[in-house]
Amino acid sequence: MPGSLRGEMRAFVGIPLPEDLSDRFEDLASGLRLGRAVPAENMHVTLAFLDDQPEEVLAELHEALSAMTLPQPEIAIEGLDLFGGAKPRLLFASVTAHEALTELRRKVRQAVQRVGITLPHERFRPHVTLRRFNRLAPFERDELERFLTLQGGFQWPGFRPEACQMVESLLTQEGAQYEVLASYPLSK
């Protein structure tokens, strides 16, 4: 795994998007003035958020993932939605949870747990984050509802990613900056 030893790193394992899809998402999300947009180059489908981990543990995970045969899922987009209920905290594109995607996530999470990283037990709702929100005023919530009425049915035909990646997420004043640490091929 590339990189120098710096102690702990905030990281995740995820699936990158093709450039045409992430560019389309960026254009779509720019039609909404609310919140903070996720840059196209940061858009992905998260398989396991690792939080802050010692580099030695991430190196062990790299070895474990490199040794595995990981299934190649189909990624298809089935509309836009919100997380947060009455107090939305993010706008996302929903990804169809095909069996191979669920299996890929399961295998990645097993490898993560085998190297000693504790993951929360949570329902898998695969998605791509497009915008993040703090508190929304009532008129902003109305604008968000109008946006979803117009754009919520967005769909994208399925694609098969070549790899998943371990990515460092460095938090800055301007938002998260990502650096790909390693890629893992996905098999049909």
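Things to note:
- Of 29, 37, 76, 93, all but one fail to be open to solvent by 30 Å² or more (accessible area, probe 1.4 Å) and farther than 21 Å from residue 183 by Cβ; the exception is 37.
- Those residues of the range 43-58 which are crowded, with 17+ Cβ neighbours inside 10 Å and either of a type outside the set (Val, Ile, Thr) or at pLDDT below 95 (or both), in sequence order: 43, 44, 47, 48, 50, 53, 55, 58
- When restricted to residues that are open to solvent by less than 60 Å² (accessible area, probe 1.4 Å), in contact (Cβ under 8 Å) with a residue 12 or more places away in the chain and out of contact with any Gly (no Cβ under 9 Å at 6 or more places or on another chain), the range 157-188 contains 11.
- Members of the range 104-145 that are within 20 Å of residue 44 (Cα to Cα), in contact with a Leu (Cβ under 9 Å, 6 or more places away or on another chain) and open to solvent by 60 Å² or more (accessible area, probe 1.4 Å): 132
- Hey, residue 86 closer than 25 Å to residue 163 by Cβ, open to solvent by 20 Å² or more (accessible area, probe 1.4 Å) and without any contact (Cβ under 8 Å) to a residue 24 or more places away in the chain or not: no
- Residue check for residue 11: on the phi < 0 side of the Ramachandran plot, open to solvent by less than 10 Å² (accessible area, probe 1.4 Å) and at pLDDT below 95: no
- Matching option when the condition is at pLDDT 95 or above and farther than 20 Å from residue 181 by Cα, among 126, 138, 157: 126
- Candidate set: the range 83-103, residues that are touching a Leu at 6+ places or on another chain (Cβ under 6 Å) and among the aliphatic types (A, V, I, L, M); chosen: the one farthest from residue 187 (Cα to Cα): 91
- Taking residues in the range 71-83 that are more than 16 Å from residue 147 (Cα to Cα), and partners anywhere that are surrounded by 21 or more Cβ atoms within 10 Å (Cβ to Cβ) and hydrophobic (A, V, I, L, M, F, W, C), the pairs with Cβ atoms closer than 6 Å and at least 6 places apart or on different chains are 71/104; 73/101; 73/104; 75/95; 77/93.
- Residues being among the charged types (D, E, K, R), over 20 Å from residue 154 (Cα atoms) and at pLDDT below 95 are entirely absent from the range 60-76.
The values are calculated or read from the model by the stated rules, or taken from the named source; none is laboratory data. Predicted model, so just to flag it, every value in this text is computed and none were measured. So basically every Cβ, Gly included, is an ideal-geometry build from the backbone, and we count neighbours across all protein chains shown. Each accessible area value is taken on the protein alone, full model and side chains, heavy atoms only, with ligands, DNA and RNA left out. Shrake-Rupley method; radii C 1.70, N 1.55, O 1.52, S 1.80 Å.
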